1. First select every other residue whose beta carbon is under 11 angstrom from the beta carbon of Tyr58; then total the charges, Lys and Arg +1, Asp and Glu -1.
2. Just check the chain against the gyration tensor rule for me: Cα atoms, a ≥ b ≥ c as the square roots of the eigenvalues, rounded for a/c under 1.5, and otherwise prolate or oblate depending on whether a/b exceeds b/c.
3. If a cysteine in the chain has no other Cys Cβ under 4.7 Å from its own Cβ, put it on the list, ordered by number.
4. Using alpha-carbon pairs under 8 Å, 6+ residues apart, how would you state the relative contact order of the chain in percent?
5. Given Pro39, Ser26, Tyr58, which one lies farthest toward the positive end of the charge dipole of the stretch 16-76, if we put +1 on the Cβ of every Lys and Arg and -1 on the Cβ of every Asp and Glu?
6. Using the Karplus curve 6.51 cos²θ - 1.76 cosθ + 1.60 with θ = phi - 60°, what ³J(HN,Hα) values do you get for each residue of the stretch 66-76, in whole Hz, with x for Gly and Pro?
7. Using a simple charge model, +1 on the beta-carbon of Lys and Arg, -1 on the beta-carbon of Asp and Glu, nothing else, what dipole does the chain show about its Cα centre, in debye to the nearest 20?
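Bear in mind these aren't lab numbers, they're just calculated from the coordinates by the rules spelled out. In this text, all values refer to a predicted model and were calculated from it rather than measured experimentally. Cβ atoms come from the backbone with ideal geometry, glycine included; neighbour counts cover every protein chain shown.
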Amino acid sequence: GCTLDGKLYPFGEIARTDNCFRCSCSQKGMRCCSLFHTPTGYDEENCKVIFNKQICDYEVVQKSDPSKQCLVYSRV
């Protein structure tokens, strides 16, 4: 298998790791890509970014009221 962040994964495809990556494990090593996209276009003065590990994505919420979402114009 392959080790990532101290955890052993079996050979083959891993749909989602504990840290929100999709990976492929082989005898040659492990290749991974993220399941999330980082927000870049939003109102940074009034909003903040919070990572939601349950859905493997960032949420952009109002600083004054984190229960309200902010509009995001782009992600990378």
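1. The answer is +1.
2. prolate
3. By the Cβ distance rule, which asks for a partner under 4.7 Å, the isolated cysteines are Cys33.
4. On the way: 137 pairs, mean separation 16.8, N = 76.
Relative contact order of the chain: 22 percent.
5. Result: Ser26.
6. x, 7, 9, 7, 10, 6, 10, 8, 7, 9, 10
7. Result for the chain is approximately 320 debye, rounded to the nearest 20.
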